[in-house]
1. Would you confirm whether any residue within the stretch 4-16 is modelled with pLDDT of 90 or more and within 53 Å of the chain's Cα centre (by Cα)?
2. Between residues in the stretch 1-29 that are free of Cβ contacts under 8 Å to residues at least 40 places away in the same chain and surrounded by 10 or more Cβ atoms within 10 Å (Cβ to Cβ) and residues that are of a type in the set (A, V, I, L, M) and not in a helix (DSSP H, G or I), which pairs lie under 6 Å by C-beta distance while being six or more apart or on different chains?
Amino acid sequence: MLNSTLDIFWLVFAIVLAFVGGGLGVAIIYLVITLKDVQKIVTGTKKKFDLVGRIIETVGDKMENTASYIPPLIDGTVKLVNAIREKRCEGESDKSKKKKK
């Protein structure tokens, strides 16, 4: 079967090639498993970022809606304060008139 050193070389070469092929096969399997896990992580992260984006959008919309209510509230408050001041001024002028008499 093994008649020369060339036959031994080819036998050793075939064994080494089988080990290298097996090692590459195992490495490819681990690479695929790792990439699958990375894909799950990326998908989860993308969902989280989408959720954060929707939350920020919702908060922005609510603030925009709330901001539309603020000017009428300010105007109403100013009118209320002015009315109270006028009532106080009238009350103080009535008291000063009563004191003068």
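The values are calculated or read from the model by the stated rules, or taken from the named source; none is laboratory data. Keep in mind that what you see is a predicted model, and the values were worked out from it rather than measured. Methodologically, a virtual Cβ is constructed for each residue, glycine included, from the backbone with ideal geometry; neighbour enumeration extends over all protein chains shown.
1. yes
2. I8/L2
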